[in-house]
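See below for the structure under consideration.
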């Protein structure tokens with residue numbers, strides 16, 4: 001099956017620093033990728049839709065200046081958490097949309113666990 | 001009201017038991033339905049899609065009732081390895097968005 005990677009898998013940073021998370025589709029091209037966040041014992045919440053070559057679409061309540069998304073190529077999207085605070089500590093998961101035969105399937109990356117001290 | 005609602009559980013069942021999970025969704029524009037499985041601290045993995053006619057994959061049977069906006073998952077002959085959180089997921093096609101909307105999950109613990 002298709003593979004999506006995320007890097008880093010785990011990051012601990014100090015409050016006020018910025019953290020970049022990469023999401024790559026390894027064996028297919030993805031014009032659309034999604035970024036989700038999951039707090040402990042909670043559901044995955046969609047943060048934004050990342051579109052290759054254009055601006056990301058953010059969900060209501062997600063600050064676009066705080067969570068910068070760049071979909072620079074058909075296989076790479078990045079999420080940068082700027083000026084991180086402890087409340088940004090969460091599990092961030094990306095997924096890439098693969099289209100084939102008129103349909104599409106979403107493949108998830110393994111997630112990045114962010115801890116802000 | 002949440003878009004996708006599930007009983008959080010946990011469901012504690014013995015090996016070999018049959019267990020059923022239910023899920024309701026609020027948006028009638030929802031077009032595609034899935035069950036995902038998520039292990040602790042891991043990403044969700046697709047278990048099966050759900051079709052109106054009902055579908056089965058081995059020990060797993062999924063049902064969709066569009067009129068009631070209700071989805072179910074039945075697991076027969078539970079194994080220890082079935083212990084996980086089961087996520088009910090829907091996709092709607094408004095404005096061409098194809099993102100998935102997740103329920104908060106139902107936790108299953110299969111005991112020896």
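The values are calculated or read from the model by the stated rules, or taken from the named source; none is laboratory data. Because the structure is a prediction, the values reported are computed rather than measured. For neighbour counting, all protein chains shown are included, and Cβ atoms are generated from backbone atoms with ideal geometry for every residue, glycine included.
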Residue count for segment A:24-49, restricted to those that are more than 8 Å from chain B (Cβ to nearest Cβ) and under 15 Å from residue A:104 (Cβ atoms): 6
Residue match in segment B:64-74 (condition: modelled with pLDDT under 95, touching a helix residue (DSSP H, G or I) at 6+ places or on another chain (Cβ under 7 Å) and either over 22 Å from residue A:48 (Cβ atoms) or surrounded by fewer than 20 Cβ atoms within 10 Å (Cβ to Cβ) (or both)): no
Some residue of segment B:56-68 being closer than 21 Å to residue A:105 by Cβ and within 13 Å of chain A (Cβ to nearest Cβ): no
Residue list for segment A:6-30, filter: surrounded by 15 or more Cβ atoms within 10 Å (Cβ to Cβ) and under 23 Å from residue B:36 (Cα atoms): A:6, A:23, A:24, A:25, A:28, A:30
Single unsatisfied condition, residue B:10 versus (1) on the phi > 0 side of the Ramachandran plot; (2) exposed (fewer than 14 other Cβ atoms within 10 Å of the Cβ); (3) within 13 Å of chain A (Cβ to nearest Cβ): (1)
Any hit, segment B:67-77, residues being over 21 Å from residue A:45 (Cα atoms) and touching a residue at least 60 places away in the same chain (Cβ under 8 Å): yes
